[in-house]
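Beneath this line is the structure, given in structure tokens, with notes to follow.
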Amino acid sequence: MVTAFSFTTDAWADTPAISFDAWRAGGAFRYQLSLDGYRSVECEGTASEEEIVRLVGLASAWKPCYFRPVLDDNNWTVEWRDGNRLESRQGNNAFPPDWGQFVELVSKFQNRSEA
């Protein structure tokens, strides 16, 4: 059972830096989302287990590491805790095939913020 989820990325293309943290709180997940990259909380709220499991499902299909050597660094990390196991995926200037879909799902949390 997923109990925590975290995603961070530098700004890339026309997308801002993102910091997203979610943790189990009762029957749902609490989350904090920042689109400025400094982990200042811009919005927070609740997410269903299904929403977090969908993000984990996308990320769990990815390779552990994506790397492409270029001069400007663009780093990202996804981590989640499933029971006592911590899983992670990361990248530097390279992205999995469904990256855009993943970022879009995370960004939707901004539009329904409780803050």
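The values are calculated or read from the model by the stated rules, or taken from the named source; none is laboratory data. Since we're looking at a predicted model, the values are computed, not measured. Cβ coordinates were reconstructed from backbone atoms using ideal geometry, including for glycine residues, and neighbour counts include every protein chain displayed. Only protein heavy atoms, including side chains, enter the accessible area calculation; ligands, DNA and RNA are left aside. Shrake-Rupley method; radii C 1.70, N 1.55, O 1.52, S 1.80 Å.
About its Cα centre, the chain has a charge dipole of approximately 340 debye under the convention of +1 per Lys or Arg Cβ and -1 per Asp or Glu Cβ, with nothing else charged. What shape does the chain take by its C-alpha gyration tensor, where a ≥ b ≥ c are the square roots of the eigenvalues and a/c under 1.5 counts as rounded, a/b above b/c as prolate, and the rest as oblate? Judged from the Cα gyration tensor, the chain comes out oblate (a/c at least 1.5, b/c at or above a/b). Close amide-amide hydrogen proximity is noted between A94 and R68, each under 5 Å apart and 5 or more residues distant or on a separate chain (H modeled in the peptide plane; Pro and chain starts excluded). Coupling constants for the stretch 61-69 follow from the phi torsions by the Karplus curve (6.51 cos²θ - 1.76 cosθ + 1.60, θ = phi - 60°), and in residue order they are 7, 7, 5, x, 8, 10, 8, 9, x Hz; glycine and proline get x. Of the solvent-accessible surface of the stretch 1-103, computed with a 1.4 Å probe over protein heavy atoms with every protein chain present, carbon and sulfur atoms account for 52 percent. Compared with the dominant principal axis of the Cα atoms in the chain, helix 49-60 is inclined by about 20°.
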